[in-house]
Amino acid sequence: MLKKRLILLFLIISTLLTGCFNYRDINRVIFSTMLVIDVDEDDNIVIYSECFHSFRSTLDNTEQGQRLVYKATGKTLFDAVRELNTFSRYKIDYSQCKVYIFTERAAKQGLGDLIDFLRRDQEFLLRAFIGVFLGTGEELVKHVPKQDDFVGLLLEQMLQSDFLSTIIVNYRFNEFLNTRNIGKHVNKINAMYIDSTGPENFIKVHGVAIIQDDIMVYKLDPQETVWCNILYNQGRLKSGAIIVKHTDYEDKYVSLEIRKSKTTTNLHFDGRRINLIKKINIDVVIADVQDGLEWSEETLEKLEHLAEVKIKDETEALFGKLKAKGVDVLDIQHQVEMEYPGSDIENAIKISNLTSDINVQILGSSNIRGSN
Amino acid sequence: MIKDILEKQYISNISIIKEKLKNTYDVKYREITTVSGLVCAIFIDNMVDTKILSETVLSPFIDAEILPADIDHIKSRILKTYVVDSVENIEDTILNILSGNVVLFFSFCDGILFCEVKGIKNRAIEQPLTETTIKGPREAFTEDLGINISLIRRRYKNSGLKIEEFRLGVHSQAGVALLFVEQHCPEKLITYVRTKIQMMQKRHYVFSINNIEEEIRCKGTFFSTTGVTERPDTISSLLSEGRLCVIINGSPFVMVVPYFFIDNFMTPDDYYNDKFTGSFDRILRCLAFIISIVLPGFYLALTTYHFKLLPPVLAFRVAVLRAGVPYNTVIEIFIMYFFFLILREAGIRLPTPIGQAVSIFGALILGDAAIGAGLTSEITVLIVALSSICTFLIPKLFNAIVVWTSIILGFTTFLGLPGFYVGFIMFISHLAGLTTCGYPYLYPLGTLTTFRFRDIFYRTKLKDISNNILHGDEK
């Protein structure tokens, strides 16, 4: 009797758990790989969905997959998404949609009205990457990348690449939803554009769009992104480069490749000013030396010093710029609220001073390091 | 006067036997005249060794110049066979004749004797067909009860090894032996099996070990809670663990109880190879079991409900592969399963060389043709084939796996992964609810019992196993 009751209980629970799921064969859906969200001049939401469609060709009797791009317009995102389905053979499925791209125009107009449906609907992934495209949606979806058949899959791979960790922010939709409500509501989203300067057109990640209160207020260029990442870094930097002057020649350079970086943050608020102390430890290796190098302990120390000075100068310059604009990219406001709950500060970065303690360590074999 | 009575009794007894065994052409009546009177030997042709019969039973009577008139003296002085005894009544007499013994009637003394001069042709001791090993012994049980017991005794030389004899089936009178080691086997287990066997004595016919298995095993399950083996070395080892064995005359398989779930994953080679190979193979079998039970249901859930859990490249690949299949995935899986079951049955029923060829070519041609015809996709063939091949690693669980895979598939079809979990939990609950002769079938897994010897998922040193096997379990 108990067994029967238990089985019945399991069945009822499972029926409830299934919720919105329905049996659908994998070949009877159209998978969206990327959702591009734009706004038109009448403030209507325009979406482009890059999709994968599998079918059996009756002409040559083979199974095939093809890329389709759908476009729809609506007053709300839900409206536009429903509109998309009116074009498709099967229901468009967003479970494989790993990238949501907002156009620069949409980002500058505000993302607040565009994200609710993505958060509310169970089919959309919270772990998807988000980005801001510096151009129109039409331009992005018409670009056929040579590295992959699908822009969405290409961007997903690019945005989680360790190799690009200094010039991108590994930013997913769920992180965006969290940080948009804390501190000064500042988010950093990767910006990208289509580079047509080379022999082939390629999509390129190009700096970071700063979103405050869901509106794009500033854009860091790629070099600024490196310094911002070093300042903000929470152990994510696994690759990157710092270029310093040669120790012996004025017009030559030495490239140091970042192997590991860790930044710890301490904060002190005296009631009037905030002292932001960043302790930055970076392990590098010598990657490229122009015109050779006099290998000695002294040279290595000099190179380390040059790198430390460069990082200090650049990070302080960036901090000064952000402070002047009042954009709290480093989440100082959030940290102050946590450490000094009673403090009533309007914009923490405005009253902050940066003190950085930078330690660059050149790694190498012990033979090189200690062989004078 | 007494002589007349004995002669009348002699004639009467033979008439009764002839009446009872009429229309049986192989029953032979050999009457010889001795110095004291008539002696009639009744036996079944082809069941006795005629040479021994002549030399040890008939010749002594013919050659004797004086014959004693006392049955005990005949037993001790005349007959030269190694087993001679008196028969008390006509029923026993007939049973002895039908068992292959020679029964002697005398016209000059009171009493009936039987002599064992069996000459039944037995199959030689051959290699085990179902449990082959690489390094282990090559002996397997035969159909003869006596030979089988001797094979065990040869390995287990201990006075504690007890053998109880039963005759099952009112008509078949099949000889059954119950074997256990007195100092290791729990009394309640002996009583349980003994009672079950005694209950079968009133049945009309008992021919095979399966009759006894059906009586003892857990009802309402596809898992076998009794084990069978054709290897004497396995039985000897199990007896030393305190288990109990049942042998029936006419069957080369010996039943062993209690038989636990984990026993399905053990093979003799685990102990004949080194411990790393043995452990690796055993873990492989455990993984194969999980794959065969779980894989089809999991595949169905992922490709019909939970696309999110698939990497995009795989999802798109599967979608393309299935693009030309007109049926739902679940139908497709069941079609392929059905094909597989047909092929397996064909492979088993046909003679070994042809059966193997049918299985291999059938699988290749049928799989390819099914894909070409649009009945199925490559990925489904792969999943069903992998799941099916995994069952070959644990053939004793084949039926249970097929049934439970289908149940899990059924739940998954309607509910996706939650259904898969429900099916799987039901499967585990079912296993946990089974018993084997009163012991939990999952022992020692899923019980509060401490693992006394490390011989569950991996095989430790043989020294440790043999020294700790009964630690704390002795009576």
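Every read-out reported here was derived from the displayed coordinates using simple, explicitly stated rules and does not represent laboratory data. As the structure is a computational prediction, the values presented were derived from the model and not from experiment. Cβ: placed from backbone, ideal geometry, glycine included. Neighbour counts: every protein chain shown.
Relative contact order, percent, of region A:42-162 when contacts are C-alpha pairs under 8 Å separated by at least 6 residues? Don't skip to the end; give the middle numbers.
Numbers: 152 pairs, mean separation 28.7, N = 121.
With pairs under 8 Å counted, the relative contact order is 24 percent.
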Q.
Given points 7 Å out from each Cα along the Cα-Cβ axis, report the B:Tyr29 to A:His268 separation in nanometres with one decimal.
A. 12.5
Q: Would you mind giving the average projected area, over all directions, of the Cα convex hull of chain A in nm² with one decimal?
A: 29.3
Q: Go through region B:415-424 residue by residue and turn each phi into a ³J(HN,Hα) via Karplus (6.51, -1.76, 1.60, θ = phi - 60°); whole Hz please, and just put x for glycine and proline.
A: 10, x, 4, x, x, 4, 5, 4, x, 5
Q. Residue separation times 0.36 nm, minus the C-alpha to C-alpha distance between B:Ser208 and B:His171: what's the value?
A. 11.9 nm
Q) How high is the relative contact order of region B:101-256, in percent, with contacts defined as C-alpha pairs under 8 Å that are six or more residues apart? A) 26
Q) Setting aside same-chain residues fewer than 8 positions from B:Lys8, which lysines have a Cα under 17 Å from its Cα? A) B:Lys18
Q: Report the full-extension gain for the segment B:Asn328 to B:Asp110: residue separation times 0.36 nm, less the Cα-Cα distance, to one decimal in nm.
A: 70.2 nm
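Based on the inverse mean of 1/r over its pairs of different Cα atoms, what is the Kirkwood hydrodynamic radius of chain B, in Å? If you can, show how the numbers build up before the last one.
Values: mean 1/r = 0.0373 Å⁻¹.
Evaluated over chain B, this radius sits at 26.8 Å.
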Q) Just the Cα atoms of the protein assembly as shown: what Rg and Dmax do they give in Å? A) 42.9, 147
Q: Whole Å is fine, so just give me how far the alpha carbon centre of region B:306-355 lies from that of region B:1-56.
A: 68
Q: Using only alpha carbon pairs under 8 Å that are at least six residues apart, calculate the relative contact order of chain A and give it in whole percent.
A: 12
Q) What residues have an amide H closer than 5 Å to that of A:Gly240, excluding those fewer than 5 places away on the same chain, when H is modeled at 1.01 Å from N in the peptide plane? A) A:Ile258
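Can you give the FRET efficiency to the nearest 0.05 for A:Gln160 and B:Asp368, using r as the Cβ-Cβ distance and R₀ = 41 Å? Don't jump to the answer; show the numbers that get you there.
Working: r = 39 Å, r/R0 = 0.96.
Given R0 = 41 Å and the Cβ-Cβ separation, E is 0.55.
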Q) Hey, got a sec? Which trypsin sites (Lys or Arg not before Pro) in region B:32-119 land in a DSSP loop and have at most 16 other Cβ atoms within 10 Å? A) B:Lys80
Q.
Looking at region A:25-220 only, what percent of DSSP beta bridges run antiparallel? Nearest 5 please.
A. 70
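If each DSSP helix of 4+ residues adds -39,500 (n - 2.57) and the sum is divided by the residues in chain B, what number results at 222 nm, nearest 500 deg cm²/dmol? It would help to have the intermediate numbers written out before the result.
Details: 16 runs with 219 residues, N = 475.
Result for chain B: -15000 deg cm²/dmol, rounded to the nearest 500.
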Q: Per residue of region A:170-184, in order, report the coupling 6.51 cos²θ - 1.76 cosθ + 1.60 (Karplus, θ = phi - 60°) as ³J(HN,Hα) in whole Hz, putting x for Gly and Pro.
A: 7, 10, 10, 4, 5, 5, 4, 5, 6, 6, 5, 10, 10, x, 8
Q: List, in order, the whole-Hz ³J(HN,Hα) value for each residue of region A:113-121 obtained from phi through the Karplus relation with A = 6.51, B = -1.76, C = 1.60 and θ = phi - 60°; use x for Gly and Pro.
A: 7, 9, 9, 4, 5, 5, 7, 7, 7
Q. Aspartates and glutamates near B:Lys51 by alpha-carbon distance under 19 Å, same-chain residues fewer than 8 away left out - which ones?
A. B:Asp26, B:Glu31, B:Asp63, B:Glu116
Q) Given the C-alpha centroids of region A:291-356 and region A:150-207, what is the distance between them in whole angstrom? A) 23
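To the nearest 20 Debye, how big is the dipole of region B:306-386 about its Cα centre, given +1 on the beta carbon of each Lys and Arg and -1 on that of each Asp and Glu? All intermediate terms of the calculation are to be shown ahead of the outcome.
Values: 5 positive and 4 negative charges, 34 e Å.
Magnitude of the dipole: close to 160 debye.
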(Q) 7 Å from Cα along Cα→Cβ at both B:Ile335 and B:Thr352: what's the point-to-point distance in nm? (A) 3.6
Q) What are the residues whose amide H is under 5 Å from the amide H of A:Phe269, where those residues sit 5 or more places off or on another chain and H is modelled from the backbone? A) A:Asn275
Q. Cα to Cα, under 23 Å, and not fewer than 8 places away if on the same chain: which lysines meet these conditions relative to A:Lys142?
A. A:Lys71, A:Lys91, A:Lys98, A:Lys108, A:Lys204
Q. Between A:Arg120 and A:Glu298, what is the label-to-label distance in nm when each label sits 7 Å out along the Cα-to-Cβ direction?
A. 7.1
Q. Given 0.36 nm per residue, what is the gain on full extension from B:Glu378 to B:His73 after removing their alpha carbon distance, in nm?
A. 101.6 nm
Q.
Given R₀ = 60 Å, what would the calculated FRET efficiency be for B:Arg123 paired with A:Arg127, taking r from the Cβ atoms and rounding to 0.05?
A. 0.35
(Q) Need one number: % antiparallel among DSSP beta bridges in the protein assembly as shown, to the nearest 5. (A) 80
Q: For region B:2-115, just say rounded, prolate or oblate: build the C-alpha gyration tensor, square-root its eigenvalues into a ≥ b ≥ c, call rounded for a/c under 1.5, and beyond that prolate if a/b exceeds b/c, oblate if not.
A: oblate
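If you take the beta carbon distance between B:Ile66 and B:Glu91 as r and set R0 to 35 Å, what does 1/(1 + (r/R0)^6) give as a FRET efficiency, to the nearest 0.05? Write out the running numbers ahead of the final one.
On the way: r = 33 Å, r/R0 = 0.95.
Calculated value: 0.60.
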Q. So what does log10 I(q)/I(0) come out to for region A:148-242 at q = 0.10, 0.21 Å⁻¹, using the Debye formula with one equal point on every Cα and no solvent?
A. -0.28, -1.16
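What number, rounded to the nearest 500 deg cm²/dmol, is the helix-based mean residue ellipticity at 222 nm of chain A, given -39500 (n - 2.57) per DSSP H run of at least four residues and division by all its residues?
Working: 11 runs with 112 residues, N = 372.
The per-residue figure over chain A is -9000 deg cm²/dmol.
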(Q) If amide hydrogens are placed 1.01 Å from N in the peptide plane, which non-local residues have theirs closer than 5 Å to the one on A:Val217? (A) A:Ile210, A:Ile211, A:Gln212
